[in-house]
Structures are given as C-alpha cells and as structure tokens.
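Nothing in this text is a laboratory measurement; each read-out follows from the coordinates by a stated rule. Note that the structure is predicted; figures quoted are calculated from it, not measured. All Cβ positions, even for glycine, are placed from backbone atoms using ideal geometry, and neighbour counts span all protein chains on display.
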Amino acid sequence: MSHQRKNKPPPGAKKDKMSQFEMTWGVIRPYFAQYRWKLYYVIVISLIASSFEPSIAVMVKPVFNAVAEHKEEARPLLWVVPLGMIFLFALRGAFVFYAKYSLEKLVLKVVRDIQVSLYQHFMFLSLAHYERSTTGEMMSRTVNDTAHMNRIIPMTVDAISQTFQLLGLIGVCFYMEPKLSLLAMIVFPAALLPTQWVGTGMRRYTKKGLREVAVINSMMQETYSGTKVVKAFAMVTREIERYREIMYKLLGIQYKYARVKNLISPLLGAMGAIGIAPIVYYALLRLTEPGESAAGVIGSMGAFVGAVALMYNPLRKLGEIFGHLNSAYGAAERIRATFEQQTTVTESPDAIVLPPMQNEIRYHRVSFKYEDEWVLQDFNMTAKKGELVALVGVSGSGKSTVVNLLPRFYDVSEGAITIDGVDIRKATLRSLRLQIGVVTQETFLFNDTVANNIKYGSDDKTIEEVIAAAQAAYAHDFVMKLPSGYDTVIGERGVRLSGGERQRLAIARALLKDPPILILDEATSALDTAAEREVQKALDSLVKNRTTIAIAHRLSTIRHASKIVVIKNGKVAEQGTHTELMAREGEYKRLYEMQFFLTEHATDHYSDGDAGAETSD
Ligand SMILES: Nc1ncnc2c1ncn2[C@@H]1O[C@H](COP(=O)(O)OP(=O)(O)OP(=O)(O)O)[C@@H](O)[C@H]1O
Ligand SMILES: [Mg+2]
C-alpha cells in the first residue's frame, strides 16, 4: 500500500476554507484513487436522484395551467398526475437507495484502508517513537480519528448533489418570477454566513475531543494492564476519580460540540425566513393593487413560494455538511501529522540481504545519544564468531544501549557497527534481524497457545521442533503440566506463568529461531537461585555454537566468557578475560569484589551489584 507520503506540503499557516478542504481530501485521496470511477458513478446517480424534486416543482405550474384552461375535458386525465408523482418518487427512491448504498460501501472500504495503513505506519516506526507516544494514543489515532474520515466522502458527494439541487431550484424560481428571485438572491448569501463560525467551532471541538479521547484511551490502557500496581498502591478510587474527571472534561467538549452542531439548522431556518420575508411583502403589495385578485396572486406565486420552500432542505443540508467537513478536518489534521512522523531507522533503497555471519561483529568508534546527552562515546568492541562477549558495568552505564544498536532498534549517532565488514545500515532490516535472537528480562508473550508463542517468528517449524526447543530450554516439563500442554492459551502477557517459566519460553523461542547471533540482556536477574539455575541451563544450550553478547549483573555467571568488556560512562574502561581483568586490579576487579562481598554477606540474594537496577528496555 502506498501510504507513505502525501503529495502536499504540511498545512502550516494555511487557514482558508479551500485549503482545509484540500487538506482533508489530501488525507483520503490516495486511498480512494482506485475507486475514483466508482465515485463518479455514484455522484451521477446522486445527481439524477436529486434532480427529481426541481423537475416535479417545474411541472406543477404548466399542469395546473393546462387543467385550468381545459376544465371539463381535462377531468378524465387527472389521475395521471398523482400517479405520475408516485412513480417519480418511487424512482427517486430507487436511485437514492442505490447511490447511498454504493457510497457507504466505498466509504467503509476507504476507512478500513486508512486504518490498515496507519497500523502499518505505526508498526514501521522506530522504537524512539514508541517511547514518545502511548499505546492508547496510537490506538485512538487508528480507531477514533479515522472514524471521522468516513463522513468526508458521502458529505462531499452530498454537497455536490445538494448544490445541483439548489441550482435547479434557483433556475426554476428565475423562470417563474425573475424579479422576485433577484430579490431573494440578494438576501440568500446572508444565510450562509452563520455556517462560517459554526464550522470553525465544530472543527475546534472535534480536535479537542479527539485529544481527550486519546488521553482516555492511554489512561485505560495503563490502568487495565497495570491494575496490579493500581491495587497494590491502594489507588483504585483515585484512578476512578481521575477517569471520571477526564470523561467529564470530554463531556464538556461534547456539550459545546453539540451546541454548535445543533445551531446550524435553526440558524439557517431563521436566515431562510429573511429570504422569504421580502417575497411575502411583495405578494401582499401586489394584492393592494387594483385589479389583482387573491386567487390570481396566489396562483402565480404559489409555485414560486413552493420552489423557494424546497430550497430550504438543500440549504440546511449544505450548512450541516459544511460543519461536518470542518470536524472531519480536525481529525484529518491529526492523521496527517501521524503519517508525517518519519521512522528514524530506515532501510536504504539499495539495501543488501545480509549473508549469515561468518567472522565478526564489530562496533567501530560508536557514539550514541537518545536525545541530547551522549550515552556511548567512541565505543569499540568486537565479537568473533562463536564467542561469548559479556558486557559489564554499573546501572546506567550503557550496556543495554550497546545491544539495542545491533538489531537497529536505534541507529548509531556516529561510527558504525559492521557484521563481517558490512555496515548494518546497508543491510535489509529483515535479513539483519533474522540473524539476531534477543532474550531480555521482560519476556513478552502473546495471548496465544504455548506452541504458537514458541513458534513466533518461525511459523514453518513443526510441533516436534517446538518440543525439542522447549526441551533444550528446560521448559518441556512445566509445559506438560499445563492443562492442555502446548495448546494451553497463556493469558495476556502470560500472567498465568511464573517469571522463570516465561523466560524459558522466551529462550525456547530463540532456540527455535536458531539465529547465529544472540543478545542476552540480564536474562536471569529477575529470578531466585533455583529458577536461575534452570534458566542458566537453558541459556547454556542456547549460547552453544552462537555468537553471543551477554549482559549479566551477576558476574559469576559470565566468568567463562571469551571476553569481558567493562563499560564505564559509555566508554570501554577495560576488556579481557576474567583472569586477565582480575590481574589488572581495575574497574572489573572492583565490581567483582564488591559483588562477591555483598553476596557473601547479604541475606537477601537480590542485593548484589546493582541492587534495584531496572532495565529501560
Ligand atoms: N530510551 C531512552 N531514551 C533516553 N535515554 C535513555 C533511554 N534508554 C536509556 N537511556 C539512558 O541511557 C543511559 C544508559 O542506559 P542503559 O539502559 O544502556 O544502561 P544499562 O547499562 O543497561 O543499565 P542497567 O544495568 O540498569 O540495565 C542511562 O542514563 C539511561 O537513562
Ligand atoms: Mg540494561
């Protein structure tokens, strides 16, 4: 789907009506381009449907005149007129139905397409984006904002057909009473004036409302999924209060929206009266003239007034459409802004498929900052094929950042990371990420069966392979104890499993993917000793025959690493094997001894090294 760029510059300071309309259409145009002919077709049908009313109006006068002229002779044919009317209205009904139904299908389709490409857009955005906006915001953008777009197409079609109808009626009026019509035309534009500020109001309140809806969605998302924390901190009533508060704020905005929205019709009605008033005055004036009979005046003006009255409907509708277009515009602006957010991690057009790693991963003078502050500076490191490289350092020193750069969750700010000499930015994201397995402290499990969770990313694997992976990850035994074994659905976020069990599933998942490169970020720090031993065994089978970059707080677990890289303030402080580093009497030895001391003396197993450390991933 070609969702990326719109062909228009950003709205900027453009505020005139035309550009608003253009902008709003600009958002949906790419999606309905392929249905353009269908739309034209629907417009034609709508025009035909809306031409019925003026033509009926136009026929009234000649028919009545003819009947009045022929008197008795006309009598046998009188039934033709009412029957003809019934027929015409039935035909009109058929056209209206067909036009509306086709249009609605078209709209549903277009809105679905926009939603799909918004989703696609969000999924492709880099992680940095996900840190800036909440899940609730993104959900409301995809669901609520797009819902406003479904009005634009039918409203535009409607606007066109209402305009035609209006023009037709105006034509009829001029045909019957040119002088009077001219008079009416002078007051007519005044009727459109109030729609101006009503429209502005609708747009403003729509935007405000959508902003609140996003806040509400984020809040619900947070408190529903963080309900344990909410309860544990006795915040239930506070959260309910907070929810009520935002909901009432939204209600206030909706009240205002309702007020302006419902003002349109009455305003137009009142303005319409201003249009009719001079006509009535003129008619009364004619009655005062000698020789004018009441019947004559009413006969000649009846049809005219009828036509003017018929104008009220299209006028009112046009006013409403105008207001709604303004509110859709508010939503369109937000959607457009979303599409304009560019992912920072992009694939170069001539990206190559990265061949399986043969030699080494190299961090070459890598510097990195998330925002303004340098997190890594001139960081150099190599991991040769089959090596286990351990990253060590105090909390916040930049260990997770180092590993996050490898699958390009973020791109380096300076320097380069290469795999066998190929800059990872020159490779396709897919071929790069397929080579890397990531096991982190926080295991994300989908609301799906155990088997499917293990199979995630390796759909082509058989159940035997899944079981083999689970066995190697020491997960098979506990999986077999679950009610339906591998077919057990594990709840949202796998709440029914323990931390260690979840981690072993994550390890099984990585084993099944079988990537040549492995990233382990504190994979064992959340566990007690027994669970850790299980996970450690699982990890040992995972690490085998792979190039691994491991972060572990418990230094005892990485003593056998091929190389230990000590990071301090985003720089490599020292590196070497455990023995070498211990001999150096440097940072590593200090960390190691401190930890050794703490584990020897603390009763609480967790108060080692970086007690209370939280990873930011
Ligand atoms: N997404 C982010 N946006 C901005 N700053 C970040 C982000 N992630 C980490 N940082 C900052 O970068 C620095 C390094 O963080 P990093 O997560 O790499 O540390 P770490 O060595 O993994 O720590 P720990 O041992 O606690 O996991 C910290 O100062 C942290 O505040
Ligand atoms: Mg970390």
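Descriptive notes on the structure:
- 0 to 90° range, to nearest 10: angle between helix 80-124 axis and the chain longest Cα axis: 20 degrees
- Scattering profile of the chain at q = 0.05, 0.11 Å⁻¹ [log10 I(q)/I(0), Debye over alpha-carbon scatterers]: -0.40, -1.14
- For the chain, the longest principal axis of the Cα atoms and the long axis of helix 463-472 meet at an angle of about 40 degrees.
- Amide H contacts for Ala573 (H built 1.01 Å from N in the peptide plane; partners 5 or more residues away or on another chain; cut-off under 5 Å): Val566, Ile567, Lys568.
- Computed from backbone phi, the HN-Hα couplings of the range 484-491 come to 10, x, 6, 9, 5, 7, 9, x Hz, rounded to whole numbers (Karplus: 6.51 cos²θ - 1.76 cosθ + 1.60, θ = phi - 60°; Gly and Pro given as x).
- Remark: the Ser293-Met247 segment gains 10.2 nm on full extension, using 0.36 nm per residue and subtracting the alpha carbon distance.
- Relative exposure of Tyr312, Tyr205, judged by other C-beta atoms within 10 Å (fewest first): Tyr312, Tyr205
- Residues Tyr130, Tyr456, Tyr257, arranged from fewest to most other Cβ atoms within 10 angstrom of their Cβ, appear as Tyr130, Tyr456, Tyr257.
- Label-to-label distance for Arg496 and Ser484 is 0.9 nm, based on points extended 7 Å past Cα in the beta-carbon direction.
- Packing-based ranking of 541-550, 258-267 yields 541-550, 258-267, ordered from highest to lowest mean Cβ neighbour count within 10 Å.
- The range 262-342: GluC sites (Glu not before Pro) falling in loop per DSSP and having at most 15 other Cβ within 10 Å: Glu292
- Mean residue ellipticity (222 nm) of the chain, computed from DSSP H runs ≥ 4 via -39,500 (n - 2.57), nearest 500: -20500 deg cm²/dmol
- Angle in degrees between helix 152-176 and the longest Cα principal axis of the chain, rounded to the nearest 10: 10 degrees
- Listed from fewest to most Cβ neighbours within 10 Å, the set Glu360, Glu289 follows the order Glu289, Glu360.
- Derived scalar couplings ³J(HN,Hα) [the range 68-78; Karplus, 6.51 cos²θ - 1.76 cosθ + 1.60; whole Hz; x for Gly, Pro]: 5, 6, 8, 6, 3, 4, 6, 3, x, 9, 4
- Among beta bridges identified by DSSP and lying wholly in the chain, the antiparallel ones come to about 50 percent.
- Using a simple spin-label model with pseudo-atoms 7 Å out from Cα toward Cβ, Glu414 and Ile160 lie 5.7 nm apart.
- With 18 Å as the limit on Cα-Cα distance, the pairs of Lys105/Lys317; Lys369/Lys399; Lys256/Lys317; Lys399/Lys571; Lys207/Lys249 that go past it are Lys105/Lys317; Lys256/Lys317.
- Candidate aspartates and glutamates - alpha carbon under 12 Å from Lys100, same-chain residues fewer than 8 apart omitted: Asp158
- Projected label distance in nm at Ala128 and Ala273, using a 7 Å step from Cα toward the beta-carbon: 6.1 nm
- The phi torsions of the range 346-355, fed into the Karplus equation with coefficients 6.51, -1.76 and 1.60 and a -60° offset, translate into couplings of 10, 9, 6, x, 9, 4, 9, 7, 6, x Hz, rounded to whole numbers, with Gly and Pro shown as x.
- On a per residue basis, the convex hull of the C-alpha atoms belonging to the range 17-340 measures out at 165 Å³.
- Residues whose amide H comes within less than 5 Å of that of Leu518, counting only those at least five positions distant or on another chain, are Gly437, Thr547, Thr548, Ile549 (H built at 1.01 Å from N in the peptide plane).
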